[in-house]
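Throughout, read-outs are computed from the coordinates displayed, never taken from laboratory work. Bear in mind the structure is a predicted one, so any value in this text is a computation, not a measurement. Note: ideal-geometry Cβ built from the backbone for every residue, glycine included; neighbour counts use all protein chains shown.
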Amino acid sequence: MDGFILTGFTQSTDWGVVCYDLLGAIPNNIYKGQIEMGWLRDTFSEPGDDSIEVERIRYARAYIFDIIGGYLMPDLSRNLVHLRWLLKFIDFR
């Protein structure tokens, strides 16, 4: 066999679309599929008693995402969380 052998797995994801679909907001900066934890905490404040269901769902997703990125699967800086964890919320019920 001549030439190079390509093995492995590649995936291209538009993270802005994923964030908008699941969180309703798009971060200003996405670094190699990661966002800043500070943006997540600043953008999603605790919903009030008069909030609609969509706001509560988005807050819950952001809160769980914060727990994953901050405590369960933090990066070395503890400042960034990879958006691949957000993909777990697509079929999350």
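For this structure, a couple of remarks:
- Residue within segment 41-50 that is among the hydrophobic types (A, V, I, L, M, F, W, C) and either touching a strand residue (DSSP E or B) at 6+ places or on another chain (Cβ under 9 Å) or surrounded by 14 or more Cβ atoms within 10 Å (Cβ to Cβ) (or both) present: yes
- Within segment 71-86, the set of residues being assigned to a helix (DSSP H, G or I) and loosely packed, with under 14 Cβ neighbours inside 10 Å comprises Tyr71, Leu72.
- Evaluation of Val54 against (1) surrounded by 13 or more Cβ atoms within 10 Å (Cβ to Cβ); (2) in a helix (DSSP H, G or I); (3) of a type outside the set (Lys, Arg) (one fails), failing number: (1)
- The set of residues in segment 67-93 that are among the charged types (D, E, K, R) and either in contact with an Asp or Glu (Cβ under 8 Å, 6 or more places away or on another chain) or farther than 18 Å from Asp21 by Cβ (or both) comprises Asp75, Arg78.
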